[in-house]
Amino acid sequence: MAMRVGLIVSVAAHVAIIAWGFISLPWPKPIDASDIEQIPVDFVTIADDTKITKGLKTADVVADRPTPPPPADKAEDAPPLPKPSPQPDPTPAPPPPPPPPPDPTPPPPTPQPDPTPPPPQDTPPAPSPDATAPPPPDPTPTPPQPLKDVPLPHIRPTPPKPKPPSPTPPQDNTQQEMDQIATLLDQSKPAPSTTDTTPPTDDKQTVGSVTGLDAPTLTASELDALKSKILSCFHPPPGWADSQDGDVVLMLDLNQDGTLSDAPSVVQTPQGQYSNTATESASRAVRLCQPYDMLSADKYDVWKQVRVVFKPSDVGGA
Amino acid sequence: MNLQLLWKRVWIAAAVLAAALAGGLAGSLPASALVEVNVTGGKVQPLPIAIPAFQGAGQDAQMGSDIAGVISADLKRSGLFVPLDPSTFTQANMSADATPQFANWTAISAQALVAGSVAKQPDGRIKAEFRLWDTFAGQQMDGQQFFTQPDNWRRLAHIIADAVYTRLTGEKGYFDSRVVFVDESGPKDNRVRRLAIMDQDGANVRYLTDGKFMELTPRFSPSSQEITYMSYDNDQPRVYVLNIDTGQREPVGDFPGMTSAPRFSPDGQKVIMSLSTGHDTNLFTLDLRSRQTTRLTSDAAIDTAASYSPDGSQIVFESDRGGTTQLYVMNADGTNPHRITFGNSEYDTPVWSPRGDLIAFTRRANGLFAIGVIKPDGSGERILTEGFHNEGPTWAPNGRVIMFFRNTQGATGGPQLWTIDLSGYGEARLQTPNFASDPAWSPLLN
């Protein structure tokens, strides 16, 4: 009986608490589902303003940046002096003339007596072509032997001959003396002016470099487009995929129109059987696929040099 | 030490640790954010190659054209090259000594160029020379010259094709080789089967037997001068060895039962074969010099189609000892046999690759016959082709290409020879005079 009373009290108390909750707690406000006028919006990025590239000494110099005015305490406009003679010329020296191409005509062979041929067989032969050097007149047939490593002298495209330096016009003696004097005057650097605020000559102002922090990069779509184009021209050696020879890594220097400005430089070659063929296939692919005109010219500083890694994984049949 | 001083030291230690971690991370960051592209997932595509006729004067011009034709056909059949149509060539008279105008060749998408010459010498021989050019790099990749008798022009072309194939793929060539096979002629219910030998491109077919008795499963010796095969001579099936040059043949051993499925050991000193006695078929070897026989298996099952690994240390064979026909590998002395294929499919005719890395097989499953490869440890199974009936794989000497025979359906159908690259690409039919089955590829001839 007492147990039944307790049950009744408990149920009544729970009902009371729930009822109190319904009465006292606020109902959530229904969501207003009325139509709202749609307003087109544009997402504006402030990345162009906030992403400031980090300057580097080695980056390109801003050519059209106005040079600061000369300091006020400079004595006077001196005639322009030639650069100090000890300074190395920043322009690269012309490459030394390549060695002359080998003579395309094969060297005269040294006559060697042929070994005596084996007894003739009337069975179906499988004679190998003779692997002798160019022909000594030999009436006796040379024995069958494998023919290999008889390289012809390579014919290489004749590189353009370096132009001889253009003759400098003769200068009059007065000008020559002036130059000598100027050279003597330029032996020592002038002491920096106390009011000169221009930076030292080797600290040229730059627009920053792609290697700086917060530099712009190619988007994933742009990278995919570049990869797809190279892939479409790539004919990898079929056995390379199953080998453990490793990757081919090339560095491409590109012009602004997407063409290669130079031959692709080989950074890494596979080790093993496919070292040459995989590297040559990769080089052919990047040459064949140019120009890479899908890359935006606005980002030329980003992609003017591209590192391409050719991996043997997942190479399969067509 | 009071509590405040202790906390101060803890904070200093934490700061030092954080600074060290930050310094380490900064040091590990790349120095530059260079654009990098990873090119993966490439497809094996045939390489466009230009092969103009070899230049020759007078009567040599025809030979020059023929040599270029054989080279083109070899490379095309490999499945890895697309010889370009000569009518698209804009630089005429390409000889071995001419410098290509590379723009003319890149304009037609030729990635490689083979330019050659052939000329008859005062001693009656011919001199053939060629240069292989990388047209996009503008560089010579290879250049060789050969002297031989005019009759050998075809083989000379195969050797040049091998050089080009090797230089551009990194694989050894295989065109200077032969194939022995079973020539099948006559109506389907009364076929005449005889042994024949030909160049790997189907040229120079020559019959080794007259077809009086049925001959099967020919296999080359390592020297390519002998073959071993099974013949139903006088209704007594047994294994023979035939010298290709002399035509001399002799039975291998004198066994009480039927011997079949022979194959030479890699050193050519032994022949391994199956001997059927009653319901059992087991593997034996016969030493060709001492005539000593050695039993390798002794099961109440069918063990057959044995093939040595290239180093001669192991043997792969098929056996139904487990209930279905599967592949097993054991040591050359018969010890440590273990199964390498499993599942509901059945596996036949295993052949160890000359490179030792793979075993080719025929797989039967769901009414279809497939040609595939598997590693000797049983991993990496890969099917190259599957269809109504494909059977009997044999490896090219470079371990890169597989030849097999494919049966066509219907009353007029029959077996034909096909080749396929290990990548599964480049399936090509080999023309033979009649139907052909059970091919076996020779080693390289030189």
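Any read-out appearing in this document is the output of simple, stated calculations on the displayed coordinates, not a laboratory observation. All values reported here derive from a predicted model rather than from experimental measurement. So basically every Cβ, Gly included, is an ideal-geometry build from the backbone, and we count neighbours across all protein chains shown.
Apply the a/c threshold of 1.5 to the C-alpha gyration tensor of segment B:178-441 and tell me whether it is rounded, prolate or oblate. Intermediate values should be presented prior to the final figure.
On the way: a/c = 1.37, a/b = 1.05, b/c = 1.31.
Cα axes put segment B:178-441 in the rounded bin.
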- Task: May I have the extent of the alpha carbons of segment B:214-282 along their three principal axes, as whole Å values ordered from largest to smallest?
- Result: 36, 26, 18
- Query: If a helix is a whole DSSP H run, which ones in chain B reach 15 Å or further along their own axis (Cα) and hold a mean Kyte-Doolittle hydropathy of at least 1.0?
  - Reply: B:3-28
- Message: Please compare each pair in B:LYS76/B:LYS212; A:LYS311/B:LYS76; B:LYS270/B:LYS375 to a cut-off of 29 Å on the Cα-Cα distance and tell me which ones are over it.
- Response: B:LYS76/B:LYS212
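In nm, what is the difference between 0.36 nm times the number of residues separating B:ASP210 and B:ASP97 and their Cα-Cα distance?
Values: separation 113, 0.36 × 113 = 40.68 nm, distance 4.87 nm.
Full extension from B:ASP210 to B:ASP97 adds 35.8 nm.
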- Which value, in debye to the nearest 20, describes the size of the charge dipole of chain B about its Cα centre when Lys and Arg Cβ atoms bear +1, Asp and Glu Cβ atoms bear -1, and nothing else is charged? 860 debye
- Message: Placing +1 on the Cβ of each Lys and Arg and -1 on the Cβ of each Asp and Glu in segment B:178-441, which of B:PRO350, B:LEU242, B:ILE340 has its Cα farthest towards the positive end of the resulting dipole?
- Response: B:LEU242
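Where a ≥ b ≥ c are the square roots of the eigenvalues of the C-alpha gyration tensor, would you call chain B rounded, which needs a/c under 1.5, or, failing that, prolate if a/b is larger than b/c, or oblate? Kindly include the intermediate steps, with their values, before the conclusion.
Numbers: a/c = 2.42, a/b = 1.20, b/c = 2.01.
Verdict is oblate for chain B.
Based on alpha-carbon positions alone, could you give the equivalent ellipsoid semi-axes of segment A:220-310 from the gyration tensor, as √(5λ), descending, whole Å?
On the way: eigenvalues 122, 31, 23 Å².
Result for segment A:220-310: semi-axes of 25, 13, 11 Å.
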- Where does each of B:HIS158, B:HIS338 land when they are ranked from fewest to most other beta-carbon atoms within 10 angstrom? B:HIS338, B:HIS158
- Query: What is the distance in Å between the Cα centres of segment B:224-297 and segment B:103-174?
  - Reply: 42 Å
- Total charge dipole magnitude, segment B:205-279, about the Cα centre, Cβ charges on Lys, Arg, Asp, Glu only, Debye to nearest 20: 180 debye
- Listed residues B:PRO262, B:PRO337, B:PRO350; largest mean-square fluctuation, Gaussian network over chain B with Cα springs below 10 Å, found at B:PRO337
- Message: Test of understanding: in a Gaussian network model of chain B with alpha carbons linked when under 10 Å, which of B:THR90, B:THR394, B:THR341 would top the mean-square fluctuation ranking?
- Response: B:THR90
- Note on the structure: Within the set B:ASN344, B:ASN243, B:ASN190, GNM on chain B using Cα springs under 10 Å gives the largest fluctuation to B:ASN190
- Message: Please list, by residue number, every one of the trypsin sites (Lys or Arg not before Pro) in segment B:203-260 that is coil in DSSP and has at most 12 other beta-carbon atoms within 10 Å.
- Response: B:LYS212
- Query: Taking every pair of alpha-carbon atoms in segment B:109-180, what share in percent sits in each 10 Å bin, from 0 to the bin with the longest distance?
  - Reply: 19, 45, 28, 8, 0
- For segment B:134-217, build the convex hull from the C-alpha positions and give me its volume per residue in Å³. 146 Å³
- Virtual spin-label span in nm between A:TRP20 and A:ASP298, 7 Å along Cα→Cβ: 6.6 nm
- Message: Viscosity 1.002 mPa s, temperature 20 °C: give me the Stokes-Einstein translational D for segment B:45-198 in µm²/s, with Rh taken as the Kirkwood radius over C-alpha pairs.
- Response: 130 µm²/s
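Can you classify segment B:253-351 as rounded, prolate or oblate using the Cα gyration tensor, where a ≥ b ≥ c are the square roots of its eigenvalues, rounded means a/c under 1.5, and otherwise it's prolate if a/b beats b/c and oblate if not? The partial results should precede the final answer.
On the way: a/c = 2.09, a/b = 1.32, b/c = 1.58.
Judged from the Cα gyration tensor, segment B:253-351 comes out oblate (a/c at least 1.5, b/c at or above a/b).
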- Task: Multiply the residue separation of B:ARG364 and B:GLN248 by 0.36 nm, subtract the distance between their alpha-carbon atoms, and state the gained length in nm to one decimal.
- Result: 38.0 nm
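Give the longest segment of chain B that steers clear of chymotrypsin sites (Phe, Trp or Tyr not before Pro) in DSSP loops with at most 13 neighbouring Cβ atoms within 10 Å, not counting the sites themselves.
Numbers: sites that count: B:PHE342, B:PHE388.
The segment B:1-341 is the longest one with no such site.
For B:THR412 and B:SER223 in one chain, what is 0.36 nm times their gap in residues minus the Cα-Cα distance, to one decimal in nm? Don't jump to the answer; show the numbers that get you there.
On the way: separation 189, 0.36 × 189 = 68.04 nm, distance 3.72 nm.
My answer for the length gained is 64.3 nm.
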